[in-house]
Amino acid sequence: MTDNLYSGEKFTDEESAFLRHVRFGELPPRPAPEDLTAETESESDPRRDAPPGHHPLDPYPNPATHG
């Protein structure tokens, strides 16, 4: 089924750029450097330590034991 999707033909960088443009169109303009924000990791994220399915603000995460 995937054999039909790839012809095995090799393209130059210029041809690949053209085909990308045909398939996806124009790229949006790049944001200005002053519009970018730096991301920082936070060690106080409660979701990392919580078990799956537990909301950090839920005082009773398991209704079977807190009915």
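Could you check, for the stretch 11-18, whether at least one of its residues is of a type in the set (A, V, I, L, M) and modelled with pLDDT of 70 or more? Spell out how you get there, then give the answer.
Applying the first criterion (of a type in the set (A, V, I, L, M)) to the stretch 11-18 yields 17.
Filter once more, keeping what is modelled with pLDDT of 70 or more: 17.
Yes.
Looking for something at pLDDT below 65, part of a helix (DSSP H, G or I) and surrounded by 10 or more Cβ atoms within 10 Å (Cβ to Cβ) - is there at least one such residue anywhere in the stretch 34-48? Steps first, answer last, please.
Our first condition is that a residue be at pLDDT below 65; within the stretch 34-48, this holds for 43-48.
Next cut, part of a helix (DSSP H, G or I) only: 46-48.
Narrowing further to those that are surrounded by 10 or more Cβ atoms within 10 Å (Cβ to Cβ): 46.
Taking every residue of the stretch 34-48 in turn, at least one turns out to be at pLDDT below 65, part of a helix (DSSP H, G or I) and surrounded by 10 or more Cβ atoms within 10 Å (Cβ to Cβ).
Take the conditions exposed (fewer than 10 other Cβ atoms within 10 Å of the Cβ) and either at pLDDT 90 or above or in a helix (DSSP H, G or I) (or both) and apply them to Pro29. Does it pass?
yes
The values are calculated or read from the model by the stated rules, or taken from the named source; none is laboratory data. As the structure is a prediction and not an experimental result, all values here were calculated from the model. Heads up, the Cβs are rebuilt from the backbone with ideal geometry, glycines too, and the neighbour counts pull from every protein chain shown.
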